[in-house]
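The values are calculated or read from the model by the stated rules, or taken from the named source; none is laboratory data. If you're wondering where the values come from, they're calculated on a predicted model, not measured in any experiment. Counting neighbours? That spans all protein chains shown, and the Cβs are built from the backbone with ideal geometry, glycine included.
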Amino acid sequence: MLVACSGGVDSTALALAVAELQRAGRLRGSAVLAHIDHGIHERAASAAAAVEALARRLGFGFGLRRLSLPPDERGEAQLRHARYAALVALAREHVAGCVLTAHHADDNLETLLFRIARGTGPRGLAGIPEYRSLAPGLALLRPFLQVRRATLEQVVAAAGVSVVEDPTNAELRIARNAIRARTLPALRDELGPGLEVTLFALLRAARATTEALETQARAELTACGRLVTPWRLEVDLPRGALPPAPVREEMVRQLPALLGLPAPSWRWVERVHALLGAAHGSRVLGRQPRSGAHLLVERTRRGLLAVDLARCGAAPAGRQDLELDRAPLPFGTTEWSLQARTLAEAPLEPRPDEAGPLRALLDAGTLAFPLGLRTRAAEDLFWPLGMAGPVHLRRFLQSRPVPRFDRDRMPLVVDATDRVVWVPGVALGHTARVRPGTARCVELRADLGAAT
């Protein structure tokens, strides 16, 4: 485990607690003290040295990262994002499964007041979560959220460990510092000692409400979401049976996590939630500031499609020859691969495990070989099986419905005359269908190789 340690009272107490639990046999696994040097105060070197000395004293490993943000990019939010990115990098380096931080009950109260002053909803009133996913396979844990700072000070004093306080904690221009030094003491003087009890009760009530909402949204996503590939999620939401708005918003908030991405901003959640009232084909494309991923969300006829564009791959620029009786042919770097093989005769009835939209039988006598794969062109016509005649492929894909994201990257099977004979997963071409008396068949199979 990676234990974030600044060298101050709170994180030193956390390191001592982890060491004590290990000695008592109640916590398995090795620990590494992780120190992030923000590069913004003169005590940085002494703080790093103090944390390294503490790591040696406790028998822990030690990891150090130094941030080098420009002066105009050292706001609270920017430093926080950079700090967590550095912790993720250290966790990967030390093969850690979780990161522990020393946020405590007083931090939670300060966060609550800060969010109330800024404006917030039920999730903001729930305070700091005890757990969240920091990165794929990496959990962020805050075990001290029920512990007061005074208790941590007593622990460190009893252990006789020296600490290095961050001088920026005294800068009242920072909103959290001002709340700690001015706002909370003034409220205590005005409202009495019961203030904190009331605030903690508010935190607990909001947390319980938030957890119930999260659970319901997770159940809805489990019921109607399909993780087609690790980077693609499809959510079917019938227009006449949409869950209540708070549940829908929470479902949207959880979408990135299902693709292994960090939690989004509420502004992004609001934009995506608005898609549910928009026409199909409408999109939201946003960059995830914590991961750099570009997440596309599209309104489909069935609900929503979420795609991590960094991992989806690209279709080939031109035509690929699909040779008969060869190994499956990858379609560019997309998840698609296709294979064509000859059959001596048309089967009287396909086996149940061979039926489905990703398999097609074609009459070889109607085809001009070689077959090929390509993406659609603006002038493409297609005669789908069961229709009276050819139609514009663009309009046909819109009517099926095929998500807008897929239309320009899905493979089309064409013959040597560039006629579209199969749209995998959608429809077979009428002229290539197997007829009574067909002498020779070509079997086509498509595979979503990255599917899970």
Checklist (1) surrounded by 14 or more Cβ atoms within 10 Å (Cβ to Cβ); (2) without any contact (Cβ under 8 Å) to a residue 12 or more places away in the chain applied to ARG180, failing item
(2)
When the stretch 318-331 is checked residue by residue, the ones that are under 34 Å from the mean Cα position of the chain (by Cα) and free of Cβ contacts under 8 Å to residues at least 24 places away in the same chain are ALA327
Are there any pairs, at least 6 apart or on different chains, whose C-beta atoms fall under 7 Å, with the first in the stretch 107-121 and under 25 Å from LEU152 (Cα atoms) and in contact (Cβ under 8 Å) with a residue 40 or more places away in the chain and the second in a helix (DSSP H, G or I) and β-branched (Val, Ile, Thr), and if so, which?
GLU110/ILE179; LEU113/ILE179; LEU113/THR183; PHE114/ILE179
Checking the structure you have, find out if any residue of the stretch 395-402 is modelled with pLDDT of 95 or more, surrounded by 17 or more Cβ atoms within 10 Å (Cβ to Cβ) and part of a strand (DSSP E or B).
no
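A quick yes/no check of all residues on (1) surrounded by 13 or more Cβ atoms within 10 Å (Cβ to Cβ); (2) among the aliphatic types (A, V, I, L, M); (3) modelled with pLDDT under 65:
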position: LEU322; (1), (2), (3): yes, yes, no
position: ASP325; (1), (2), (3): no, no, no
position: SER337; (1), (2), (3): yes, no, no
position: ALA340; (1), (2), (3): yes, yes, no
position: LEU343; (1), (2), (3): yes, yes, no
position: PRO350; (1), (2), (3): yes, no, yes
position: ASP353; (1), (2), (3): no, no, yes
position: PRO357; (1), (2), (3): no, no, no
position: LEU362; (1), (2), (3): yes, yes, no
Going through the stretch 19-72 in order, the residues found to be exposed (fewer than 14 other Cβ atoms within 10 Å of the Cβ), in contact with an Asp or Glu (Cβ under 9 Å, 6 or more places away or on another chain) and not in a strand (DSSP E or B) are ARG26, HIS41, ALA45
Of these, SER46, SER30, SER11, which one is out of contact with any strand residue (DSSP E or B) (no Cβ under 8 Å at 6 or more places or on another chain) and in contact (Cβ under 8 Å) with a residue 24 or more places away in the chain?
SER46
For the stretch 207-233, what are the residues that are outside any helix (DSSP H, G or I) and crowded, with 19+ Cβ neighbours inside 10 Å?
GLY225, THR229, TRP231, ARG232, LEU233
Does the stretch 283-290 contain at least one residue that is part of a loop (DSSP other than H, G, I, E, B), modelled with pLDDT of 90 or more and either over 29 Å from PRO122 (Cα atoms) or in contact with a Leu (Cβ under 8 Å, 6 or more places away or on another chain) (or both)?
no
Check on LEU381, closer than 16 Å to PRO328 by Cβ, surrounded by 12 or more Cβ atoms within 10 Å (Cβ to Cβ) and at pLDDT 95 or above:
no
Taking the condition under 25 Å from GLY313 (Cβ atoms) and in contact with a strand residue (DSSP E or B) (Cβ under 7 Å, 6 or more places away or on another chain), does VAL442 pass?
no
Scan ALA96, ALA135, ALA158, ALA105 and give me the residue that is under 24 Å from ALA53 (Cα atoms), crowded, with 18+ Cβ neighbours inside 10 Å and small (Gly, Ala, Ser).
ALA96
